Amino acid sequence: MVRFTGRVLAGDGLLALTLLAIGVVGSPQAARWQPAAARHLDVLGYVLIAAAAVPLLVRRIWTLPALLATCAATSTYLVVGYPYGPIFGSLVVAVYTAATRLPVRSLAIGCAVAVAGLLLHVLAVASRSHSGSALVGLVPGLAWIAVPFAVGRVVRVGREAATRGRAEEAQRYAYEERLRIAQEVHDVVGHGLAAINMQAEIALHVLPKRPEQAETALVAISRTSKEALDELRATLATMRSGAPRTPGPGLAQLDDLVARMSGTGVQVHVVVGGTPRGLPAPVDLAAYRIVQEALTNVLRHAGSGAATVRVTYRPQALDIEVTDTGTAPAAPATAGGHGIAGMRERVATLGGDFDAGPRAGGGFRVYARLPE
């Protein structure tokens, strides 16, 4: 939809004045090539030329009235018997504008009026010449209506297709953004609740005999819940209109993640290979989330044991491997939960490789290669 700004209206005014000037100056020149014209241009002829061009000032505001006015002036001009000339330019612009802006029903009315006016002109010429030869001019005359009509409809269809494409793209982006936020919330809440649940079980277990250790577990619960809540708030802030995006966590927070896991009784050993370097934000976030989700699965499914996190910096990629020595089976890659699937989607989005499954000798292995 066109916004009727001053520039748009000024452009329409300039177009109308240009067509008017061409009609006034060019019509006498065109008449020289038509010696058989029934009537020479006079004041009425110039008035009709102006009447065909002036309605184009409002062609985008009152499209159908402008089309009808231009058609009426052009038809009258031709029926009276003035020579063919630049007045057809106003008719072409009016038909084209209507074809790009009007619904089919209104457009059909306007074009029917234009064709009817052309037929009146042909019949008038035929009656004056007492010959049917004037009907031969009907086909080329219709081209002044059919061609701008066809071009205008093609332009309208193209614009509508482009609008639908932009709307679909916006919907797809919104869906992907919601999916991304849902994955972030799942990772943050899932890890925090798993850690809190394990620490609460430890507190309940040791409370009757060793209350001092229960106090340590409760302190860990308080710290873990606060960290998870802060991270959740930062993630949800991206959903608020106009809220700035806060940088997500990365491998720089890996030590804090390991410390939280150690508080649940799962010992985590970190091995770093290669030369550590700054990573692109999407890669850094994906690496952290993969380690976080893999350790959460260890906490939920692996039972007692230890986990090893290997971070290997390669020339153009980052390798992440998390293995555990648990005796209970970890969540398989085909499980109905979102953990493994979420990690796989993160890696696929970056164009990397992912694998997860039981490893030889027991336990579970999660592996991801993230290209930079």
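Side notes on the structure shown:
- Relative protection proxy for 50-63, 347-360, 307-320, 152-165, from highest mean packing down: 50-63, 307-320, 347-360, 152-165 (other beta-carbon atoms within 10 angstrom).
- Legend: residues Val322, Val113, sorted from most to least accessible area (1.4 Å probe; ligands, DNA and RNA excluded), read Val113, Val322.
- Relative packing of 71-81, 85-95, which averages over residues the other C-beta atoms within 10 Å, highest first: 85-95, 71-81
- When peptides 362-368, 102-108 are sorted by average Cβ neighbour count within 10 Å, with the highest value leading, the order is 362-368, 102-108.
- One compactness figure for the range 37-105 is 1.12, namely its Cα radius of gyration divided by 2.2 N^0.38 Å.
The values are calculated or read from the model by the stated rules, or taken from the named source; none is laboratory data. Since the model is a prediction, treat every value here as computed from it, not as a measurement. Backbone-built Cβ (ideal geometry, glycine too); neighbour counts: all protein chains shown. Calculation scope for accessible area: heavy atoms of the full protein, side chains included, ligands and nucleic acids excluded. Shrake-Rupley method; radii C 1.70, N 1.55, O 1.52, S 1.80 Å.
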